[in-house]
Amino acid sequence: MQVQQRPLPPAGRPVRQRRSRSSGVGTRAIAAPVAASFGAAGSKTWGVERELLLERLANLRTIVPVFAKELASARRQSEELRTENDRLLARIEDLQRQSARGR
């Protein structure tokens, strides 16, 4: 499949984002035009941009699973810490009751 290459939009014109159907919020202008990130307008083609985006996507596909593992580990650890905290609080209450009886 041949991808048709298109030039970038002219520099200085903000690119409009598509309106989200669920949010009901109107479109908003992006502060920096897309072409500005590629130097002079039209100096690179959309095909080159596509390649850069594919590289970034491949990088994200390697990073996201690592973050997912760390998140799962952190959730497990936080549950363990909550359980330990509850046990220690119960122990403190028992010791305070024993101390109050001994007076």
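Every number here is computed from the coordinates shown, using simple stated rules; none is lab data. Keep in mind that this is a model prediction, so the values were computed, not measured. Counting neighbours? That spans all protein chains shown, and the Cβs are built from the backbone with ideal geometry, glycine included.
Please report the net charge: other residues with Cβ closer than 13 Å to the Cβ of S78, K and R +1, D and E -1.
Here the count lands on -2.
What's the local net charge at R87, with K and R +1, D and E -1, over the other residues with C-beta under 14 Å away? Mind showing how you got there, number by number?
Numbers: positive: R82, R91; negative: E79, E80, E84, D86, E93, D94.
Every neighbour counted, the sum reads -4.
Once you have the Cα-Cα distance between D94 and L54, take 0.36 nm times their residue separation minus that, and quote the gain in nm to one decimal.
Values: separation 40, 0.36 × 40 = 14.40 nm, distance 6.02 nm.
Length gained between D94 and L54: 8.4 nm.
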